[in-house]
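Below: the structure, in structure tokens.
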Amino acid sequence: MPQIFSRKTNRLPALSLAGSVFGGVLAVFLVWYYFSPEFYEVGYAPEQPVPYSHRVHVGKLGLDCRYCHGGVEIADKAGIPSTQTCMNCHGQILTESPRLQAVRDSWATDQSIEWVKVHHLPDYAHFSHASHVNNGVGCETCHGRIDQMDVVRVVKPLSMGWCLECHRQPELYLRPQSEITTMGYQPPADYIERNLERIRKEGIRPPTNCSACHY
Amino acid sequence: MAHATKDLSALARTDYELEPPLVQGGLTFHDITELVSQHTEKKTPKAWWAAFSVAFLGMLTLIAMLAYQVWNGVGVWGNNIPVGWGWPIVNFVFWVGIGHAGTLISAILFLFRQRWRTSINRAAEAMTIFAVICALIFPTFHVGRVWAIYWTLPIPNQMEMWPQFKSPLLWDVFAVSSYFIVSLVFWYVGLIPDLATLRDRAVLMGRRLRAKILGFFALGWCGANRHWRNYEKVYMLLAGLATPLVLSVHSVVSFDFAVSIIPGWHTTIFPPYFVAGAIFSGFAMVVTLMVIARKAYGLENVITVDHLEKMNIIMLVTGTMVGFAYITEFFIAWYSGVPYEQYAFINRATGPYAWAYWIMMSANLIFPQFFWIKKLRRNIPFMFVASIVVNIGMWFERFVITITSLHRDFLPSSWDYFVPTWVDVLTLIGSFGLFFTLFLLFLRFVPMVAMAEVKGVLPEADPHFYEMHGDGHSRPADVQVNRGRSS
């Protein structure tokens, strides 16, 4: 009776063993990298209904973040400015610009501009802008160099691991209250000591338990 | 052959050293091979197709219900505060419980040298694996975001998402999945010699593709002495590995309840009581399936009434243990002097869910007591009904534990009456569809009785058999003395 399988088949057990070890390691790596916001969130830069440039307004004109995002110091959400906020200036400046047509339409019709949300957190993670901004976390720390972006882009992963990096060692990331909205902030050489001093004095204790954010 | 059985029964009555033969009808080695193998080789019977279409329809229902649930969220089930754990958890514990008999039969009875296990272990192990698959579906979908279920596994990731090792729900993940893997490996290792038998028969029949597929799974088994030595060693080791799992899995499942502080759940009796209940329901399911399968496939001589009687005795023992635990819970509630604990149990027996409690009590404690009567223990229609009653009772046990303990919250304003939705009901029915689909596929494609092992308990397997019976050639007429133990 001829054999059902050829001699080469004898390699199968060793190959399948090696394959499953390799496959297991590969699966962990794939999950580690591709199942993370580092991969699928960073770089997200949707087109907005109005070609608003943060580079021009913040970088060139020096507009304060809080002029438009007024809720940032008092509420969970920093807030998207109303059309009125735009019209405070653009009622007098560039009143004929075709790039601002959507803003003028909104102003005339009382219909909000539908800005596209860029920075997403999962709905099961609660985040408060106020408690971060009021305790030494700068805008730049999470949003990057907004002053250099024509179109706002996600630059940080905003994943849980990334949050925890700072929650575990806030002294590496905090900055003085006067520098919160500063873009391109250069910390002094002894910033860790200063931050530790401040953390001790103000009792800044970022929580790392589950229900700090998941409630 | 007929007179051989008669002689034997006469012998068994006079000599109490001898057990009744495990295999009846004077079957030879070849008869066993034929009897079992033919069902995987011949054309698919019409009755199988009929049963399979019903089961398959059930499975499609399950898939539809799960898709509906994933799309709409857990709200489509009846779970709501205060009963946050509704039918999904009831069904999970029910199915895991059923999955206990298989490995008990294959591992613990193997270690205790209970040779009667050989006729039923293959089907019981298959049942175990399919029941655990059904069980795993429920917690998997109950998490709500089923796409994030891999978070329950400790896979390194950039999110620093790591399982909470302090939670019994996580212990469950490990307990049930390791039970599943060990059961699957155990089942498969036991299958190898039989798959090789089927492969060789396929070669003789000239069915090349069939021989290739079976040959792939038979791992080149050729029945060599060395193969058998390795096989026996592996089987023994796996039996040793699986034995603690039989006890640990349902203990861990019971921790899901017992580690919490809910009155009615927070009791130390839960682990042994759950394990007894699991074995109870598992054996009931084996009896249900075997009563049908032995009839449908003409295996009455291999899976005999003696086998069924032994399983009924186990049901009687474990059922009484479970009933004892029910009563102990009441005693402890009274003895503890904790009013909340007392309320929880009085409410169980007399509150809005008293109907479920008394279904549970009568089906699990009272009904198995009929098995004290030998006539009923050996009565096939009766045991068939009894096994189904027991499984209904065991489903209600989990219902009572889960629902009645939760529906009276610590805050009386939250008190409510749990009502399942149509999705709950169809999901449960669908899980039976999945179970029977898998079981029917098993009956069709896999030898449903462990042929090699059954041959090992035939009288001819005794090395001294031929010295005592003639010239060393097997003749069915010689098979008159069937020795229960090999000496």
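The values are calculated or read from the model by the stated rules, or taken from the named source; none is laboratory data. Bear in mind that the values here come from a model prediction, so they are computed numbers and not experimental data. Cβ sites come from the backbone with ideal geometry, for glycine too, and all protein chains shown count toward neighbours.
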* Structure fact -> Across (1) more than 30 Å from A:H214 (Cβ to Cβ); (2) loosely packed, with under 13 Cβ neighbours inside 10 Å; (3) not charged (D, E, K, R), A:V151 clears everything bar (2)
* **Output for the stretch A:7-43, where each listed residue is farther than 15 Å from B:N157 by Cβ and surrounded by 15 or more Cβ atoms within 10 Å (Cβ to Cβ)** => A:V42
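For every residue, the table says whether it meets (1) over 22 Å from A:H129 (Cα atoms); (2) assigned to a helix (DSSP H, G or I); (3) more than 14 Å from chain B (Cβ to nearest Cβ); (4) not aliphatic (A, V, I, L, M).
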position	(1), (2), (3), (4)
A:P13	yes, yes, no, yes
A:S20	yes, yes, no, yes
A:L26	yes, yes, no, no
A:L63	no, no, yes, no
A:C89	yes, yes, yes, yes
A:Q101	yes, yes, yes, yes
* Taking the stretch A:70-85 as the search range and keeping residues that are under 25 Å from A:E114 (Cβ atoms) and in contact (Cβ under 8 Å) with a residue 40 or more places away in the chain, which one is farthest from the other protein chains (Cβ to nearest Cβ)? -> A:I74
* Asked: Is there a residue being of a type in the set (F, W, Y), over 30 Å from A:C210 (Cβ atoms) and crowded, with 17+ Cβ neighbours inside 10 Å anywhere in the stretch B:223-234?
  -> yes
* Asked: Are any residues in the stretch B:141-153 more than 18 Å from A:G24 (Cβ to Cβ), among the aliphatic types (A, V, I, L, M) and facing another protein chain (nearest Cβ under 10 Å), and if so, which ones?
  -> B:A148
* Single unsatisfied condition, B:L245 versus (1) touching a residue at least 40 places away in the same chain (Cβ under 8 Å); (2) within 14 Å of chain A (Cβ to nearest Cβ); (3) crowded, with 17+ Cβ neighbours inside 10 Å -> (2)
* Whichever residue in the stretch B:154-173 is of a type in the set (A, V, I, L, M, F, W, C) and in contact with a Pro (Cβ under 7 Å, 6 or more places away or on another chain) and, among such residues, is farthest from the other protein chains (Cβ to nearest Cβ) -> B:L170
* **Options B:I63, B:I133: the member that is over 30 Å from B:M311 (Cβ atoms) and not charged (D, E, K, R)** => B:I63
* Among the helices (runs of 4 or more DSSP H) lying completely within the stretch B:283-380, list those that include at least 3 residues that are among the hydroxyl-bearing types (S, T, Y). => B:305-336, B:339-350
* To do: Answer yes if at least one residue in the stretch A:42-55 is outside any helix (DSSP H, G or I), at pLDDT 90 or above and within 14 Å of chain B (Cβ to nearest Cβ), and no otherwise.
  => yes
* **Top-ranked residue in the stretch B:190-225 [being within 29 Å of the chain's Cα centre (by Cα) and outside any helix (DSSP H, G or I); ranked as farthest from the other protein chains (Cβ to nearest Cβ)]** => B:W221
* Asked: Where residues in the stretch A:135-172 are more than 12 Å from the chain's Cα centre (by Cα), more than 14 Å from chain B (Cβ to nearest Cβ) and aliphatic (A, V, I, L, M), which of them is nearest to A:V118 (Cα to Cα)?
  -> A:V151
* Somewhere in the stretch B:434-454, is a residue among the polar types (S, T, N, Q), within 20 Å of the chain's Cα centre (by Cα), within 30 Å of B:Q24 (Cβ to Cβ) and not in a loop (DSSP other than H, G, I, E, B)? -> no
* **Subset of the stretch B:238-281 [over 18 Å from B:I401 (Cα atoms) and either polar (S, T, N, Q) or in a loop (DSSP other than H, G, I, E, B) (or both)]** => B:T243, B:S248
* Considering the stretch B:194-228 alone, what residues qualify as being of a type in the set (F, W, Y), farther than 18 Å from B:L443 by Cα and touching a helix residue (DSSP H, G or I) at 6+ places or on another chain (Cβ under 6 Å)? -> B:W221
* For residues in the stretch A:28-40 being touching a residue at least 60 places away in the same chain (Cβ under 8 Å) and assigned to a helix (DSSP H, G or I), which is nearest to the other protein chains (Cβ to nearest Cβ)? -> A:E38
